[in-house]
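The structure appears below as structure tokens.
The values are calculated or read from the model by the stated rules, or taken from the named source; none is laboratory data. Keep in mind that what you see is a predicted model, and the values were worked out from it rather than measured. Virtual Cβ from ideal backbone geometry, glycine too; neighbours counted across all protein chains shown.
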Ligand SMILES: Nc1ncnc2c1ncn2[C@@H]1O[C@H](COP(=O)(O)OP(=O)(O)O)[C@@H](O)[C@H]1O
Ligand SMILES: Nc1ncnc2c1ncn2[C@@H]1O[C@H](COP(=O)(O)OP(=O)(O)O)[C@@H](O)[C@H]1O
Ligand SMILES: [Mg+2]
Ligand SMILES: [Mg+2]
Ligand SMILES: [Mg+2]
Ligand SMILES: [Mg+2]
């Protein structure tokens, strides 16, 4: 089975992500309570539930699904993560354009475009203690693995491992962006909620998009 | 030593009462918290501290001391107990008139006049769960003991025992006067704060006014 | 106890310094703890005095000003003022047309106002508010507590006095408002009296007190915490059982916060109350939503309904200019 | 969690029903969760839109009305509104003279307002408030939070717009207020976000958080509970260290409650603040005491100082007619 990301794969990715966000609402909100305002879980869950609803009726290619996702997130999440995740998916959609499916490189390029959207919107840099710190290593790992000839499955797994590591690395960081930055030194020692949800996003991609072919 | 209540005796009574109120502020306030508004201890303590101050400069016969006490309580306590204790002492003062000292019967009559003042002001009846329920039995016991030929010391002790019993008897009562009455059935099972301070008033009278003669 | 205070005994005196500093159009008698309209006494105008224990802010001091009270006598927290204070307030607002005392029905308040009235050298009429349907009214009890309707009496009688009515006319209007108004309150938490230092009562996380007054006293019953829709019913039903509010010129519906409940919750409760009134066929002509008669930091709310007629509507709408209630001026 | 609510997810929608019912002179777009002046859009008048997460009431909805905002976009509790809401608000107040967005400086608010402005088919200028001296301002951070000064910007820019000034003039006044204003807050308790169900942070009985914002976020430092006089100093000192407030036409001193602190304590704090300003040689020309920009049920307060000049004084004193701030109308 050749590794392509078609509409069905995108659907199962987003469905899985919605599920995982749903079952981690409390974790995400608790992390946000420690260094933010205790709403990241509720925010994202509200958004992904709306996405699930919107995608239930949208019958279309990956680009349209991703665009619907981005617009729905922008329109339902609010806060910082709404525009950021929204822009992420809108830029992914732009990159996917009207292709029926994305091959591994095209998918990696779309993910990278999403990341660049997050940066364009939020101007975060590495080490600022944000979702960037999970997404960027994931993109890097995916690109590297694919470049070095890894299978798509392995490359996705590498991306997920990198996202998790990036998420964990936010704990000792001093926040310089978002609400946590107001805490100054007191932001140190807490895992960033946005990096945590971003790691879930990459993990669900690895689970949903892998072809299941043995390496 | 003959049993008379002179200015010195009145002073030591009021001084002792002020002390006892001061060391029972929390008890009185806690009792009031249960069925009232958590201020009886603070109210009466503020008042008796003011009385101590006022009496420090007043050099006069019992009637004047009692009048000063009543006026000071009216002017500094507030709430229900301010006018009630204030009227109590003002009526005692009226009864004492300008005598240099009161013999036991005159003192008992003054106490009774004070009690009648409380009733005139607050219209409480026996069993309403108020200070009346400690003061009235004390007056009755004092009168009876004196009528049956008891010494003043013994009569005062009897009054104090009666006041304590009257105070204890307020616990099962359903309040019909004052703030506790708003609680209806829920006032049952709590000792009345005003009856508690009134029992202290009678107990300090017994300690301060007794001649010390053995019975 | 966590409060923005210094020594508990100084709370009132220091808060009055703040009131004086913040409101140049008020005059504060610190000796007697009375807040006056800056231009009191007004010759020929009936003087309006209210007062009571502190801790219910903005009641009463926040309602001093043109179109409402001429003076408020501020007792210690939850302790009615002493006669001296009330007397100073009465003298200070006496413009020759007599003085109305607006007194909430509590033994202490009634007695202290009575003693002050006995000592006053001007004509004084007292109107006692007793609108709390949580309290059984009978010959053998002290009757109902005065709660939310007091705010409405102060506004409406204030407008009547401002318009030049006589003492007996102003008193009549005040009595009418009290007679046509009913209230009921509930608490989600107790409150902490500064001098006491700990909450007046303990309330488990899943219980509320229904039928509370405004002094942190426990209520009539303790019931499980319920959704706002049911809590609204617990407040509205006993009011409607007690008095007829349909017909006429509608009602003024007043949802009041007890001090610790945020405004967003009060608006939510107002929605629920409004819905219940609609169902009961009652027209809401005016409304008031906010924390106007409070119990320190208590979380909870009360509902007051006032049946309106043409006169009350006009007086309610008349200009008022106080720190807590202000329109048309 | 004890609140006067039904389902946590419905708090905002139901509170907006209450706002609509209580204020006939406002119009509520329930779909977009926008509170409008009843007569919006006003032809030829610059439209003023603000908004943000809910839970700060009366901010912003309580400031909609003549002389202040034309519309407020209400996000979920502590979550900035989405662009759709802000866009609906912008369109609804566009009277042809352009629209001013008043945005508190939070990443989410700034981004959502930016996206809405990009989509708007009218001229939009955004002014971002960032007055919180608790937050270090540097090239590498997101800068200061917008807190108490937002209320003052809305009032003063509202008066400027009402008087017929152009969009750029109104924006200039708004920027001036922000530039001349500084704030600092502290919390005695945390607050409970309805959807989270438990307090955002735990604070022992003897500790306070200093340098908090308005979203229940922890502050910069945790220090032992102190007397009001010292707490006032913790708020006033960093403000005076940051900006010059002596001279000129004096300052507006604003003591704001965080939602759970009773008014009597706010007046006490105002007294302490006023005393410190006097000592520092600062003249207080205007004051505001009350809970105007809150954090749900959080106990605590903030202090905002605004340096006044003749123009700001006149605009502050101009008539305003909103549910939470009203005078001269
Ligand atoms: N400028 C930014 N760039 C990238 N991510 C950011 C930025 N600001 C905040 N975030 C992310 O958003 C998360 C918070 O999202 P959320 O709680 O939903 O919004 P809010 O902070 O408005 O309440 C943070 O944990 C962080 O990962
Ligand atoms: N009508 C009354 N007659 C006699 N005593 C009364 C009456 N009303 C109240 N009391 C007494 O006053 C006490 C309460 O006093 P206090 O707490 O100081 O005043 P308040 O109830 O105004 O807070 C009650 O415990 C009761 O004994
Ligand atoms: Mg958040
Ligand atoms: Mg009491
Ligand atoms: Mg009392
Ligand atoms: Mg948020």
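Brief remarks follow.
- Sub-8 Å Cβ pairs linking a first residue in the stretch B:162-173 that is within 14 Å of chain C (Cβ to nearest Cβ) to a second residue that is within 11 Å of ligand 2 (Cβ to nearest atom) and in a loop (DSSP other than H, G, I, E, B), at least 6 apart or interchain, are B:173/B:128; B:173/B:129; B:173/B:192, ordered by first then second residue.
- Considering (1) closer than 26 Å to residue C:326 by Cα; (2) surrounded by fewer than 24 Cβ atoms within 10 Å (Cβ to Cβ), the lone condition that residue C:84 does not fulfil carries the number (1).
- Residues in the stretch C:163-172 that are surrounded by fewer than 24 Cβ atoms within 10 Å (Cβ to Cβ) and in contact with a helix residue (DSSP H, G or I) (Cβ under 9 Å, 6 or more places away or on another chain): C:163, C:165, C:167, C:169, C:171, C:172.
- Conditions (1) away from ligand 1 (no atom under 16 Å from the Cβ); (2) within 14 Å of chain A (Cβ to nearest Cβ); (3) surrounded by fewer than 23 Cβ atoms within 10 Å (Cβ to Cβ); (4) under 21 Å from residue D:56 (Cα atoms): number failed by residue D:131: (3)
- Residue in the stretch D:149-156 that is in contact (Cβ under 8 Å) with a residue 24 or more places away in the chain, over 14 Å from the mean Cα position of the chain (by Cα) and surrounded by 24 or more Cβ atoms within 10 Å (Cβ to Cβ) present: no
- Count of residues meeting criterion [more than 7 Å from chain D (Cβ to nearest Cβ), in a helix (DSSP H, G or I) and crowded, with 23+ Cβ neighbours inside 10 Å] in the stretch C:267-295: 3
- Within the stretch C:237-266, restricting attention to residues that are closer than 30 Å to residue D:300 by Cβ and over 16 Å from the mean Cα position of the chain (by Cα), the residue that is surrounded by the fewest Cβ atoms within 10 Å (Cβ to Cβ) is C:266.
- Tally of residues being under 15 Å from residue A:14 (Cβ atoms) and surrounded by fewer than 21 Cβ atoms within 10 Å (Cβ to Cβ) across the stretch A:181-215: 2
- All positions within the stretch D:42-66 that are under 18 Å from residue D:155 (Cα atoms) and away from every other protein chain (no Cβ under 13 Å): D:42, D:45, D:46, D:47, D:48, D:49, D:50, D:64
- Residues in the stretch A:178-192 that are in a helix (DSSP H, G or I) and facing chain D (nearest Cβ under 9 Å) were compared, and the one that is farthest from ligand 3 (Cβ to nearest atom) is A:185.
- Single match in B:26, B:45 (criterion: away from ligand 6 (no atom under 16 Å from the Cβ) and either surrounded by 24 or more Cβ atoms within 10 Å (Cβ to Cβ) or free of Cβ contacts under 8 Å to residues at least 24 places away in the same chain (or both)): B:26
- Looking only at residues in the stretch D:6-23 that are within 7 Å of another protein chain (Cβ to nearest Cβ) and closer than 16 Å to residue C:274 by Cβ, the one that is surrounded by the most Cβ atoms within 10 Å (Cβ to Cβ) is D:15.
- Filtering the stretch C:252-262 for residues that are part of a helix (DSSP H, G or I), under 21 Å from residue C:59 (Cα atoms) and more than 10 Å from chain D (Cβ to nearest Cβ) leaves an empty set.
- Selection within the stretch D:94-134: residues that are within 16 Å of ligand 3 (Cβ to nearest atom) and out of contact with any strand residue (DSSP E or B) (no Cβ under 9 Å at 6 or more places or on another chain). The member of this set that is nearest to residue A:36 (Cα to Cα) is D:107.
- Scanning the stretch D:187-212 for residues that are in contact (Cβ under 8 Å) with a residue 60 or more places away in the chain and touching a helix residue (DSSP H, G or I) at 6+ places or on another chain (Cβ under 6 Å) yields D:194, D:195, D:210.
- Residue in the stretch A:59-71 that is more than 16 Å from ligand 4 (Cβ to nearest atom) and within 14 Å of chain D (Cβ to nearest Cβ) present: yes
Okay, residues lined up against (1) within 23 Å of residue C:284 (Cα to Cα); (2) in contact with a strand residue (DSSP E or B) (Cβ under 9 Å, 6 or more places away or on another chain):
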site	(1), (2)
D:14	yes, no
D:18	yes, yes
D:23	yes, yes
D:29	yes, yes
D:36	yes, yes
D:43	no, no
D:57	no, yes
D:72	no, yes
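- Considering residues of the stretch B:69-87 that are in contact (Cβ under 8 Å) with a residue 40 or more places away in the chain and under 19 Å from residue C:110 (Cβ atoms) only, the residue nearest to ligand 3 (Cβ to nearest atom): B:79
- Within the stretch C:105-141, the residues that satisfy the criterion of being closer than 23 Å to residue B:73 by Cα and in a loop (DSSP other than H, G, I, E, B) are C:105, C:106, C:120, C:121.
- All positions within the stretch D:183-216 that are part of a strand (DSSP E or B) and over 23 Å from residue D:75 (Cβ atoms): D:184, D:186, D:207, D:208, D:209, D:210
- Number of the exception - residue D:193 against (1) surrounded by fewer than 24 Cβ atoms within 10 Å (Cβ to Cβ); (2) within 14 Å of chain A (Cβ to nearest Cβ); (3) within 30 Å of residue A:29 (Cα to Cα): (1)
- Flag if residue C:76 is within 14 Å of chain D (Cβ to nearest Cβ) and part of a helix (DSSP H, G or I): no
Each row is one residue, and each column tells you yes or no for (1) more than 28 Å from residue D:133 (Cα to Cα); (2) at pLDDT below 95.
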{"site": "A:119", "(1), (2)": "no, no"}
{"site": "A:141", "(1), (2)": "yes, no"}
{"site": "A:146", "(1), (2)": "yes, no"}
{"site": "A:149", "(1), (2)": "yes, no"}
{"site": "A:154", "(1), (2)": "yes, no"}
{"site": "A:165", "(1), (2)": "yes, no"}
{"site": "A:211", "(1), (2)": "yes, yes"}
